[in-house]
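Undergrad: Below are the structure tokens for one structure; questions will follow.
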Amino acid sequence: MYRVLYLSLLYTGCLLLTTNMYGQQTALKTNLLFWATTTPNAGVEFGMGRQFTMDIWGAYNAWKFPDDMRLNLYLIQPEVRFWPCRKFEGHFFGVHGHYGHFNIGMIPFISGLKDYVLRGDLYGGGLTYGYHWALGDRWGMEAMVGGGYVSMKYTKYKCAECAEPVGAYTRSYFGPTRIGFSIVYFLR
């Protein structure tokens, strides 16, 4: 579990050492759709030449809700992006991976999670399409959607605090894997 996180951090460090960091080369961002689910998130995107960037984005939610409701998770999604014209301008296409750990359940408005808690890990990857709008020299917005593969291994529990497992499951999924509407700030 931690091996993936350590390798991602090591790769990011190597990328930082080999990337020229000047205007329009590095951007900070946050996905507003994840904030709508009370999940804090942030990302950084580095320019790698004229038409390629590396986006590393992550989310972490540790909030405690009333009535034992759980929406705890951490997620990391690195992505290499190709920009047909120039980086940070217009359309982009990406290849992303993802890894996460979750502890979700007792959510009254989702039928399958109303009476159970799911704890486990997920990993996979996919393809992304998006568009970036410039809002001046330092600000921008982007919208994206992605699809691909997710593999999940989790244990289903009867309640939030008890250690009474109902079963252990492995699921594979092909479909939407990424969605975002982000605010972007360029470093100078």
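The values are calculated or read from the model by the stated rules, or taken from the named source; none is laboratory data. The shown structure was predicted, so the numbers you read here are calculated from the model rather than taken from an experiment. When we count neighbours, we look across all protein chains shown, and the Cβ atoms used for this are built from the backbone with ideal geometry, even at glycine. When the accessible area is computed, the model is the full protein with side chains, heavy atoms only, and any ligands, DNA or RNA have been set aside. Shrake-Rupley method; radii C 1.70, N 1.55, O 1.52, S 1.80 Å.
Undergrad: How much length is gained if the chain between THR38 and ILE110 is pulled fully straight, taking 0.36 nm per residue apart and subtracting their Cα-Cα distance, in nm to one decimal?
TA: Computed gain between THR38 and ILE110 is 24.3 nm.
Undergrad: Which value, in Å² rounded to 10, gives the accessible area of ASP137 with a 1.4 Å probe and all protein chains present?
TA: ASP137 exposes around 110 Å² with every protein chain in place.
Undergrad: Okay, next question. Tell me whether segment 141-182 comes out rounded, prolate or oblate; compute the Cα gyration tensor, take square roots of the eigenvalues as a ≥ b ≥ c, and use a/c under 1.5 as the rounded threshold.
TA: Because a/c hits 1.5 or more and a/b fails to exceed b/c, segment 141-182 counts as oblate.
Undergrad: With contacts defined as alpha carbon pairs under 8 Å and 6 or more residues apart, what's the relative contact order of the chain in percent?
TA: Here the relative contact order equals 19 percent.
Undergrad: Nearest 0.05, what FRET efficiency do PHE181 and LYS158 give at R0 = 22 Å with Cβ-Cβ as r?
TA: Working from the Cβ atoms, E equals 0.05.
Undergrad: While we're looking at this one, here's another question. Checking the table LYS114/LYS153; LYS29/LYS156; LYS64/LYS158; LYS29/LYS158 against a 27 Å threshold on Cα-Cα, which pairs fail?
TA: Going by Cα-Cα distance, LYS29/LYS156; LYS29/LYS158 fall outside the 27 Å limit.
Undergrad: Of CYS159, PHE34, SER111, whose Cα points farthest to the positive end of the dipole of the chain (charges on the beta-carbon: +1 Lys, Arg; -1 Asp, Glu; origin at the Cα centre)?
TA: Final value for the positive-end residue is PHE34.
Undergrad: Note down the net charge around GLY49, summing +1 for each Lys or Arg and -1 for each Asp or Glu among other residues with Cβ under 13 Å from its Cβ.
TA: Here the charged neighbours net out to +4.
Undergrad: Which of TYR149, TYR173, TYR131 ends up with the largest GNM mean-square fluctuation for the chain, with Cα atoms connected below 10 Å?
TA: Of the options given, TYR173 has the highest mean-square fluctuation.
Undergrad: Additional query: Using the reciprocal of the averaged 1/r over all distinct C-alpha pairs, how large is the Kirkwood radius of the chain in Å?
TA: Hydrodynamic radius (Kirkwood, Cα pairs) of the chain is 17.7 Å.
Undergrad: With springs connecting C-alpha atoms under 10 Å apart, model the chain as a Gaussian network and identify which of VAL166, VAL80, VAL145 has the largest mean-square fluctuation.
TA: Highest fluctuation among the options: VAL166.
Undergrad: In nm, to one decimal, how far is the GLN51 label point from the TRP133 one, both placed 7 Å along Cα→Cβ?
TA: Roughly 2.6 nm, to one decimal.
Undergrad: What is the angle, in °, between the Cα long axis of helix 2-18 and the longest principal axis of the Cα atoms in the chain? Nearest 10 is fine, range 0 to 90.
TA: Long axis of 2-18 versus the principal axis of the chain: about 10 degrees.
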